[in-house]
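Only one structure is covered here, and it is reproduced in the block below.
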Number of protein chains: 2
Amino acid sequence: MNGELSELAIHTITTKPWSLRACVDAYAAAGVRGVTLWRYHFAETNPAEAGRMIRDAGMQCSGLARAGFFPAATAGARRLAIEDNLRAIDEAAACGAPVLVLVCGSLPGQPLSESRRQIAEGIAACLGHASAAGVNLAIEPLHPMYAGDRSAIVTMRQANDVCDLLGSPAGLGIAVDVYHVWWDPDLPEEIARAGSAGRLFAYHVCDWRIPTEDLLNDRGLMGEGCIDLRSIRTMMEHAGFHGFSEVEIFSDRRWKEPQQQWLDSVVTAWRQHCSPHLIP
Amino acid sequence: MNGELSELAIHTITTKPWSLRACVDAYAAAGVRGVTLWRYHFAETNPAEAGRMIRDAGMQCSGLARAGFFPAATAGARRLAIEDNLRAIDEAAACGAPVLVLVCGSLPGQPLSESRRQIAEGIAACLGHASAAGVNLAIEPLHPMYAGDRSAIVTMRQANDVCDLLGSPAGLGIAVDVYHVWWDPDLPEEIARAGSAGRLFAYHVCDWRIPTEDLLNDRGLMGEGCIDLRSIRTMMEHAGFHGFSEVEIFSDRRWKEPQQQWLDSVVTAWRQHCSPHLIP
C-alpha cells in the first residue's frame, strides 16, 4: 500500500477550507508523500515553518504555487510583478520547495503575442535569482479558456518555445496539468520534446467534468470526467518523468463537503486512476 | 449607412426569445442583410417558408445552424446522426441557405482521435448528398473547452486536416468563429491555409468576456471583451473571404433584455467593431 501511494502529492488548495496544520496532519495520516504548498498559507505560517511542518510529518514539499502574472500595462507594474516573483522564489527556497509554479499571466486587450513577450522578459529577469536559490521555475501552460486574463501561454508547445527562446536554462521547465492540456492534439510530441530537454518539472492531475459548470472552480476528481489520465501519465513516464502525480482540484462543490471525507475520496480516486502500477 | 452594414448578418439564436417572424421583421428594419437560421425555428415554420420570409424582407439566408454531432457509441447511433445531417442538408436547400454549419461532436470518454475518425467518416457519408443539393458543409472548430462533449475538432488546423483527409472536396469548408479560435497561435497560418484551399465558408463574430461566467451562454457583444476582431477579419480578407460577419451570441443575460434594445446594441457594436471600412 505504501508503494502504491509513493507518487501521491496534493496541492493544499484541494482542501482549501483547511489550515496548513490541518492539511499536513490529515495528508500524513492518509499516506500522502508530497505536499504542494499554496502561498496563501504564508499569511499565517512563514515559509520555513511551513516546510518544516511538512517534513516533520514525514512528507516532502513537492512545490510552491504560485507566482507569474508577468504582463502588465506599464513598466512599473511589470517590475512589481517581477519583484513578487523574486519574493516567491525566496519563499520556495525557505520552505524547501524544489519548484515554483508560474501561471504566466495575460493582460486583457493586449495582444497575446505582446503578453508572451512580457512573460519571457519577466522570467528572464528571475532566472539568476532562482538559480542562486536552487529553485526551479515551472511554466504551467493553462487551458485556452484562460487566455484572456490568466495565461497567454495555453499550449505545451508555447511553453517549450519560451524555454527555448530563453536559451533552455537548466532551472526553467514546465508543469504539466492534465486539466489544461488534455485536449491538445500536439500533447504527445510536446511532452516528448520537453522530456528530451529535461524540463518536465511537475505533473498535476484532476479531471474534466461534463458538463463543467464554472470556468474556475468546477474541476473533477480523477475518474469523474473525460481525461485519459493513464495515457498522459504514460507519455510523461516515457519522456523521463517519474515524479509525483500531484492532485490539484479547485471545486466549490467539494470545498463544501466535510474535508476529511473529501480527502478520502481523493486518495481512493488516486489509487484507482493514478497508481504507478497502472502504467505499463 | 447601407454600405456600412453590407456585411452584417445575424444568427437568429442571438435574439432567442423571438419567433422567426419577429427576428425577420426587426432585422430587416435595422438594416441587417443576412440571416443565419437556426433549425429550432422549423418546429413552427417549415424551411421553404422560413427562407421565403427572409427573402421577402429583402435579406439573404446566410446559413443554417446546425448539424454535425457525428461521434456516437454504436454504429446504429452514428447512422442516426448521419441521417439527421442528411435531413439538415435538405432543410438548408429548402430554405436557400448556401452553408450548413457542422458542430462536429465528441463522445465523452472516447479518445478524441477516435471521435475525429468518426467525424471524418460521418462527413464523408454526407458529401454526395450535400453536393447534389447545392449545400456547402462548414466544419466549425470549437473552443477546446468543448472538447469533451461537443467537438473533437478544436483548432483551425484540425478542421483543415479533416478537409484535406477527405480529398479537399469543393463543398467542404470551415466556419471560423472568433469565440472558438481567437486564442490560437496558429490562427494566421491556418486561416491563410483555408483561404488558399478555397474553404473559408463563414465568419462568426462576438466577444470573449472577462470574466466569462458560463461555458455556454455568456458570450460577449463585440467590443465587450478581449478578442481583436479587426485583426481576425483582416486575416480573413487577406485569405480571400469577403462574406458576412455573422453575429452569433448566446447570452443568458442578453436574452433577458427587451430584444429590440438588444438588437439595437448588436447593430451599434457591429458598426463600431466590424464595419468593412475598419479593415485596412
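Since every read-out is calculated from the coordinates, none of them should be taken as a lab result. Please read all numbers here as calculations on a predicted model, not as lab measurements. Here Cβ is always computed from backbone atoms with ideal geometry, including for glycine, and neighbour counts include all displayed protein chains.
Here is how the numbers come out for the structure above:
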read-out	value
³J(HN,Hα), Karplus 6.51/-1.76/1.60, whole Hz, each residue of the stretch B:211-216, x for Gly, Pro	x, 8, 9, 8, 5, 9
Sequence-distant residues sharing a close amide H with B:VAL176 (under 5 Å, placed H)	B:PHE201, B:ALA202, B:TYR203, B:HIS204
Electrostatic dipole magnitude of the protein assembly as shown [Cβ: Lys, Arg +1; Asp, Glu -1; Cα centre; debye, to 20]	40
Difference of contour (0.36 nm per residue) and Cα-Cα distance, A:ASP164 to A:SER265	32.4 nm
Furthest towards positive pole of dipole, B:ALA97, B:GLY243, B:SER168, structure part chain B, Cβ charges	B:ALA97
Label geometry 7 Å along the beta-carbon vector: A:GLN272 inter-copy distances in nm	5.0
Inter-copy spacing of A:GLY167 label points, which lie 7 Å from Cα along Cα→Cβ, given in nm from shortest upward	5.5
In order through the stretch A:261-272: 3J(HN,Hα) via Karplus (6.51 cos²θ - 1.76 cosθ + 1.60), integer Hz, x for Gly, Pro	4, 5, 4, 4, 5, 4, 5, 4, 5, 5, 4, 6
Under-5 Å amide H pairs with A:GLN60, H placed in peptide plane, nonlocal only	A:GLY34, A:VAL35
Options B:GLY128, B:ALA67, B:SER115, ranked by Cα towards positive dipole end of the stretch B:65-148, top entry (Cβ charges)	B:SER115
Descending principal axes extents, the stretch B:8-278, alpha-carbon based, whole Å	46, 41, 34
Nearest-first distances (nm) between copies at B:ALA124, label 7 Å from Cα via Cβ	4.9
Inter-site label distance for A:LEU80 and B:GLN272 at 7 Å from Cα along Cβ, in nm	2.8
Residue order, fewest to most beta carbons within 10 Å, for A:HIS11, A:HIS238	A:HIS238, A:HIS11
Chain B, relative contact order in percent, only Cα pairs under 8 angstrom and at least six apart counted	19
